[in-house]
Amino acid sequence: MARLNARHPWSHNDHFHSWILANLPHQRRSALDVGCGRGELVAALSPYFTTVYGNDVDETMRQQATSRCSGLSNVTIHDGSWTDVPGPFDLVTMIAVLHHLDVAVALQEARRLLAPGGRFLAVGLAPPSGLEDIAWDLASIVTNPVIGYVKHPWPNTNGVQPPPIPTQDPTMPFAQLQQVVAQVMPGASMRHQLGFRHTIAWTKPT
């Protein structure tokens, strides 16, 4: 399966940028992308917000994001702790980041940084622990090469490549994560998605 996917590679994280853009808040003054990586989402958000901040703990990722966004005057790549970026924000995003952090603390900090009416949008990973999780993983296994062929129809001949960004395996199952999210962000919508991912969407009460 790994060799098959390597022939038609696609970014599972970048795939969800369209979901982020389709769920933006009505108020769009300032946005923060936590764990911005190479800056793809930060650049995609820049036309929609007055100011956009990207933050990443990895220096190489910050350098790449800074280079990518060098022509965007409303974008700042922050090199300190993401919890110290001056808010409040109308949008806080995390793509494949939450499982790198202390989940409860990170959700509380995201809630604190959001302005009233602001949105938290996250795309995450979780290890399968129940029948529903396994069913979604099986569906992802089946559809993964199909999506890859649609996105990258010409076969890649370079073989399996190392991930372009730092990775870490998730440890908190979906059901447990759902409980933590419900405690910190009551009413949040959390859904399984194809591509071995799930989404979290929450709007801070006004």
Query raised in the report: How large, in percent, is the carbon and sulfur part of the accessible surface of region 17-83 at a probe radius of 1.4 Å?
Result: 45
Query raised in the report: Convex hull over the Cα atoms of region 80-119, averaged projected area in nm²?
Result: 2.8
Requested in this report: Throw me the Rg/Rh for region 14-91, computed over C-alpha atoms with Kirkwood Rh, two decimals.
Outcome: 0.93
Report task. First obtain the Kirkwood hydrodynamic radius of region 3-148 from its Cα pairs, then insert it into the Stokes-Einstein equation at 20 °C and 1.002 mPa s, and state the resulting D in µm² per second as a whole number. Result -> 132
**Report entry** Separation of the THR206 and VAL180 label points, Cα + 7 Å toward Cβ, nm
**Finding:** 3.2
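The values are calculated or read from the model by the stated rules, or taken from the named source; none is laboratory data. Computed from a prediction, not measured in an experiment: that's the story for all the values here. Using ideal geometry, Cβ is built from the backbone for each residue, glycine included, and neighbour counts are taken over all protein chains shown. We work out accessible area using only protein heavy atoms, side chains counted, and drop any ligands, DNA or RNA first. Shrake-Rupley method; radii C 1.70, N 1.55, O 1.52, S 1.80 Å.
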